[in-house]
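The values are calculated or read from the model by the stated rules, or taken from the named source; none is laboratory data. What you are looking at is a predicted structure, and each value in this text was computed from that prediction instead of being measured. Ideal geometry is used to build each Cβ from the backbone, glycine not excepted, and the neighbour counts take in all protein chains shown.
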Amino acid sequence: MSTNKPIIVPVHLDLLPLELPLGSSPQQKIEPTCVIKTAAVEISFFNGVDVHLVQTVLKGLVLK
């Protein structure tokens, strides 16, 4: 069991728009909103992710 205390950073997740704004390209690189890195795993969250999914992942990380 790891003895490192996890660092929790508050983030605000926005919903993705249903339609692309005029002039935007669908080929734009989408950057993650939040990245969690541990010794064993790297998890990326993107805008539009369901908050329940984020909570489930965080609970799973705390339990391990």
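Selection of first residues in the stretch 34-52 that are surrounded by 12 or more Cβ atoms within 10 Å (Cβ to Cβ) and of second residues that are in a helix (DSSP H, G or I) and of a type in the set (Val, Ile, Thr), restricted to Cβ pairs under 9 Å at least 6 apart or on distinct chains, gives the following pairs, ordered by first then second residue: CYS34/VAL54; ILE36/VAL57; ILE43/VAL57; PHE45/VAL54; PHE45/VAL57. When the stretch 35-63 is filtered for residues that are closer than 15 Å to ILE8 by Cα and either touching a Phe, Trp or Tyr at 6+ places or on another chain (Cβ under 7 Å) or assigned to a loop (DSSP other than H, G, I, E, B) (or both), the ones remaining, listed by number, are THR38, VAL54. Within the group LEU13, LEU18, which residue is at pLDDT below 70 and over 14 Å from the mean Cα position of the chain (by Cα)? So the residue among LEU13, LEU18 that is at pLDDT below 70 and over 14 Å from the mean Cα position of the chain (by Cα) is LEU18. The number of residues in the stretch 21-47 being small (Gly, Ala, Ser), modelled with pLDDT of 80 or more and farther than 19 Å from LYS5 by Cβ comes to 1.
Kindly establish whether GLY60 is touching an Asp or Glu at 6+ places or on another chain (Cβ under 8 Å) and either modelled with pLDDT of 70 or more or not aromatic (Phe, Trp, Tyr) (or both). Lay out the reasoning, then the answer.
On the way: touching an Asp or Glu at 6+ places or on another chain (Cβ under 8 Å): no; either modelled with pLDDT of 70 or more or not aromatic (Phe, Trp, Tyr) (or both): yes.
No.
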